[in-house]
1. Mind checking which pairs have a first residue in region 66-95 that is modelled with pLDDT of 70 or more and a second that is loosely packed, with under 10 Cβ neighbours inside 10 Å and among the charged types (D, E, K, R), Cβ under 9 Å, 6 or more apart or different chains?
2. Quick check on region 112-131: of everything there that is open to solvent by 50 Å² or more (accessible area, probe 1.4 Å) and not in a loop (DSSP other than H, G, I, E, B), which residue is farthest from A88 (Cα to Cα)?
3. What are the pairs, 6+ residues apart or on separate chains, where a residue within region 8-37 that is surrounded by 17 or more Cβ atoms within 10 Å (Cβ to Cβ) has its Cβ under 9 Å from a residue that is in a loop (DSSP other than H, G, I, E, B) and not basic (K, R)?
4. All but one of (1) assigned to a helix (DSSP H, G or I); (2) open to solvent by 70 Å² or more (accessible area, probe 1.4 Å); (3) not hydroxyl-bearing (S, T, Y) hold for M1; which doesn't?
5. For region 86-110, which residues satisfy the criterion of being open to solvent by less than 80 Å² (accessible area, probe 1.4 Å), part of a strand (DSSP E or B) and out of contact with any Gly (no Cβ under 7 Å at 6 or more places or on another chain)?
6. Quick check on region 40-57. Is at least one of its residues exposed (fewer than 10 other Cβ atoms within 10 Å of the Cβ) and under 31 Å from the mean Cα position of the chain (by Cα)?
7. Looking at region 133-148, which of the residues that are modelled with pLDDT of 90 or more and farther than 15 Å from V104 by Cβ is least open to solvent (accessible area, probe 1.4 Å)?
Amino acid sequence: MGALGWLIAVIAFAGIEAATMALTTIWFAGGSLAALILCLLGAGLEIQLAVFVIVSFALLALTRPLALRYLNRRTKKTNVESLVGKQARITETVDNLAGTGTAVVNGQEWTARAADEGKTIPSGALVVIREIRGVKLMVEPVSGPEEG
């Protein structure tokens, strides 16, 4: 692969990154640039390929976490994960087969589904949120002395 090939690789990887902004190919553009410089200095193909791989993966390992942190700074966190483990009150009978069920937690009404597919949970029951799938609370009834 000659200098033209490495130049095309640099442009292609940078172009793909510019089009996707997914932080997946920019590291290979850096590796291609390093290999291009070695090619221009007269290094052999084996050395160029080795430097391409080493530089690409070094850039990936060393700079990707920093880049992701910088780019994701503006992402708003909803803290919806904090609801897992909390209790909620069922306001409409939860029946997965019928596709019904709502629960109130922290004053907000959510769609609720039983974590155990075969269970129906009556209105008024106290439940524990086991997970959140999309905008649905996956719940199971509270058992024992916590029930109120």
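1. Every condition considered, the pairs that remain are Q87/E146.
2. Residue satisfying both the conditions and the ranking: T120.
3. Listed by first residue and then by second, the contacts come to A9/M1; F13/T25; A14/T25; E17/L23; E17/T24; E17/T25; A35/M1; A35/A43.
4. With respect to (1) assigned to a helix (DSSP H, G or I); (2) open to solvent by 70 Å² or more (accessible area, probe 1.4 Å); (3) not hydroxyl-bearing (S, T, Y), M1 is out only on (1).
5. Listed by number, the residues that qualify are A88, T91, T100, G101, T102, A103, V104, V105, W110.
6. no
7. Among them, the one singled out is M138.
The values are calculated or read from the model by the stated rules, or taken from the named source; none is laboratory data. Bear in mind that the values here come from a model prediction, so they are computed numbers and not experimental data. Ideal geometry is used to build each Cβ from the backbone, glycine not excepted, and the neighbour counts take in all protein chains shown. For the accessible areas, the whole protein counts, side chains as well, though only heavy atoms, and no ligand, DNA or RNA atoms are used. Shrake-Rupley method; radii C 1.70, N 1.55, O 1.52, S 1.80 Å.
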